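Data block below; observations after.
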Amino acid sequence: SQTIHQWPATLVQPVGSPLSLECTVEGTSNPNLYWYRQAAGRGLQLLFYSVGIGQISSEVPQNLSASRPQDRQFILSSKKLLLSDSGFYLCAGLVRGRYTEAFFGQGTRLTVV
Amino acid sequence: KQEVTQIPAALSVPEGENLVLNCSFTDSAIYNLQWFRQDPGKGLTSLLLIQSSQREQTSGRLNASLDKSSGRSTLYIAASQPGDSATYLCAVNEAAGNKLTFGGGTRVLVKP
């Protein structure tokens with residue numbers, strides 16, 4: 001079965017510092033990959049999704065960027081973090097097609113101080 | 001653009017009562033819909049996956065129905081227990097590019 005390894009689980013970073021969150025996929029190839037953010041008490045907001053290597057779609061304008069250097073690797077980055085970047089970040093995957101179930105990493109709780 | 005809405009945003013019930021959670025979506029061109037559970041500070045646990053061709057799916061005390069034409073899904077949890085307290089999220093897998101869109105969630109508290 002498909003799994004996503006996402007790290008770190010928690011992260012505390014100062015305002016203005018860079019960010020790099022990584023997730024890697026096992027058990028499947030050529031999945032769609034997604035980055036979501038969840039602010040405290042809120043729902044999951046789609047930030048980026050990718051249908052293949054080097055292909056990134058951005059859902060909301062923001063301080064973040066994403067890259068997919070390899071088929072099973074999806075990276076979320078920022079050059080300078082803002083306080084408003086704090087939240088819970090989830091990486092998700094989906095094998096394309098009708099009969100597939102989304103699978104998720106365990107999430108990263110980011111606190112910008 | 002697909003929009004997914006969950007009502008109510010929060011729900012509090014006494015133990016033993018049945019729970020009814022609603023999810024609505026604006027674009028019926030979906031492959032499937034998933035229901036998830038999220039405990040505070042944790043990731044997502046998949047509860048049920050219901051395909052667009054199905055009308056319902058059951059697992060234990062959980063039953064999910066889907067009416068694709070009207071853009072609605074309902075999650076029923078029978079005989080609620082305090083351990084069912086969590087946030088429940090629905091997500092639709094859109095046919096156009098397999099984009100996964102979530103609702104805002106329903107926060108459930110089951111009181112002993």
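Would you say residue A:92 is at pLDDT below 90 and surrounded by 21 or more Cβ atoms within 10 Å (Cβ to Cβ)? So that I can check it myself, show each step before the final result.
Working: at pLDDT below 90: no; surrounded by 21 or more Cβ atoms within 10 Å (Cβ to Cβ): yes.
When the stated conditions are applied, residue A:92 does not pass them.
Restricting the search to segment B:60-82, which residues are within 14 Å of another protein chain (Cβ to nearest Cβ) and more than 12 Å from the chain's Cα centre (by Cα)?
Answer for segment B:60-82, where residues must be within 14 Å of another protein chain (Cβ to nearest Cβ) and more than 12 Å from the chain's Cα centre (by Cα): just B:68.
If you take the residues of segment A:25-77 that are of a type in the set (A, V, I, L, M, F, W, C) and within 9 Å of chain B (Cβ to nearest Cβ), which of them is surrounded by the most Cβ atoms within 10 Å (Cβ to Cβ)? So that I can check it myself, show each step before the final result.
Here is the first cut: in segment A:25-77, the residues of a type in the set (A, V, I, L, M, F, W, C) are A:25, A:33, A:35, A:39-40, A:44, A:46-48, A:51, A:53, A:56, A:60, A:64, A:66, A:74-76.
Among the residues that remain, those that are also within 9 Å of chain B (Cβ to nearest Cβ) are: A:44, A:46, A:51.
Numbers: A:44: 25, A:46: 19, A:51: 17.
Checking each candidate, the answer is A:44.
Go through segment B:1-59 and tell me which strands (runs of 3 or more DSSP E), entirely inside it, have 1 or more residues that are over 12 Å from the mean Cα position of the chain (by Cα).
B:10-14, B:30-38, B:44-51, B:56-59
Out of the residues in segment B:83-112 meeting the condition of being within 10 Å of another protein chain (Cβ to nearest Cβ) and free of Cβ contacts under 8 Å to residues at least 40 places away in the same chain, tell me which one is most open to solvent (accessible area, probe 1.4 Å).
Out of the qualifying residues, it is B:97.
Among the residues of segment B:34-56, are any farther than 23 Å from residue A:36 by Cα and either open to solvent by less than 10 Å² (accessible area, probe 1.4 Å) or more than 14 Å from chain A (Cβ to nearest Cβ) (or both)?
Yes: one or more hits.
The values are calculated or read from the model by the stated rules, or taken from the named source; none is laboratory data. Given the structure is predicted, the values throughout are model-derived calculations rather than measurements. Note that we place each Cβ from the backbone using ideal geometry, even for glycine, and neighbour counts take in every protein chain shown. For accessibility, only protein heavy atoms count, side chains too; no ligands or nucleic acids. Shrake-Rupley method; radii C 1.70, N 1.55, O 1.52, S 1.80 Å.
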